[in-house]
1. Give me the pairs: first residue in segment 112-129 and in contact (Cβ under 8 Å) with a residue 60 or more places away in the chain, second residue in a loop (DSSP other than H, G, I, E, B), beta-carbon distance under 6 Å, and six or more apart or on different chains, which are they?
2. Do we have V66 as surrounded by 15 or more Cβ atoms within 10 Å (Cβ to Cβ), in contact (Cβ under 8 Å) with a residue 12 or more places away in the chain, assigned by TED's automatic domain parsing to the domain that holds A204 and among the hydrophobic types (A, V, I, L, M, F, W, C) here?
3. Here's a check for you: in segment 174-205, which residue that is modelled with pLDDT of 95 or more and of a type in the set (V, I, T) is farthest from Q163 (Cα to Cα)?
4. Do the conditions hold for R47, that is, is it of a type in the set (K, R), within 24 Å of A198 (Cβ to Cβ) and out of contact with any strand residue (DSSP E or B) (no Cβ under 9 Å at 6 or more places or on another chain)?
5. Looking at segment 29-63, which of its residues are of a type in the set (F, W, Y) and in a loop (DSSP other than H, G, I, E, B)?
6. If a residue counts only when it is in contact with a Lys or Arg (Cβ under 8 Å, 6 or more places away or on another chain), which helices (runs of 4 or more DSSP H) contained entirely in segment 71-169 have at least 1 such residues?
7. Looking at (1) in a helix (DSSP H, G or I); (2) farther than 18 Å from G39 by Cα; (3) of a type outside the set (S, T, Y), can you tell me which one E187 breaks?
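The values are calculated or read from the model by the stated rules, or taken from the named source; none is laboratory data. Remember, predicted model here, so these are calculated numbers, not experimental data. Note that each Cβ is placed from the backbone with ideal geometry, even for glycine, and that neighbours are counted across all protein chains shown.
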Amino acid sequence: MKKYILSAVLMMAISSQTAMASEGAALPKQDWSFSGVFGTFDRAALRRGLQVYREVCASCHGLDLVSYRHLRQVDFSEDEIKEIAAAYEVTDGPNEEGDMFTRPALPSDRFANPFANANAARASNNGAFPPDLSLMVKARKGHADYLYAVLTGYKEEAPEGVQLMEGMNFNQYFPGNQIAMPPPLSEDGVEYADGTKATVAQMAKDVTVFLAWAASPELEERKRLGIKVLFFLIVLTGMVYAIKRKIWADLH
């Protein structure tokens, strides 16, 4: 009987260690401007984050659910949006001859995908498929904290006792700690237009803000509506209470 109990305890311990390894280290909490009831997106961080996405992430990852025109919601001008879109080419057609063709992207187009299809994406990344980033912040446990942690969680060497599979990189926050994507960010990897120092932490935070917006472009409007509804309900409750007191005062 003792033998079975000991075996069960050992199995539980192994399972616990495996689960901890698969989840990665605990995510550090970050202070995000868009958190909370009154939270909004930092416009400067959004612009920097878009720059990081375009110069670093867009070579592998798409934003299939986001259109260039959505940038109007965060104070990009029409001319800026047209200029950003025109830097990419999209496939359109068929034309009058029945052929597909490429053209500069328009504000109404969705962000151009770097690959024509999933097979092309895998072929260009040693078999690994770069996921679309449109809903990445929503799709992962920890949300924005997770994305920031993964971007800053790379280690040059794996800890002692950890054997990396071929082509994998150690990341203390990625589930399983082994990730196919090499560290995407490096010091001064971009040159920010506003002069901000492009550290890894700064770029990770900025692109996380941008991708949080991409996942919830309606967030600010939804919060504004929620506050209006809450204010209306408070006023309505006060009016109902005042009417109730008036009616009962007349009855007595």
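1. Hits for this filter: A121/F115; A121/F129; A121/P130.
2. On the way: surrounded by 15 or more Cβ atoms within 10 Å (Cβ to Cβ): yes; in contact (Cβ under 8 Å) with a residue 12 or more places away in the chain: yes; assigned by TED's automatic domain parsing to the domain that holds A204: no; among the hydrophobic types (A, V, I, L, M, F, W, C): yes.
No.
3. T196
4. On the way: of a type in the set (K, R): yes; within 24 Å of A198 (Cβ to Cβ): yes; out of contact with any strand residue (DSSP E or B) (no Cβ under 9 Å at 6 or more places or on another chain): yes.
Yes, satisfied.
5. W32, F34, F38, F41
6. Details: elements: 78-86, 118-123, 136-139, 143-152.
Of the helices (runs of 4 or more DSSP H) lying wholly inside segment 71-169, those with at least 1 residues that are in contact with a Lys or Arg (Cβ under 8 Å, 6 or more places away or on another chain) span 78-86, 143-152.
7. Exception for E187: condition (1).
Every residue, every condition in (1) within 28 Å of T196 (Cβ to Cβ); (2) of a type in the set (S, T, Y), yes or no:
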residue: R54; (1), (2): yes, no
residue: L63; (1), (2): yes, no
residue: Q73; (1), (2): yes, no
residue: P107; (1), (2): yes, no
residue: A120; (1), (2): no, no
residue: S124; (1), (2): no, yes
residue: P130; (1), (2): yes, no
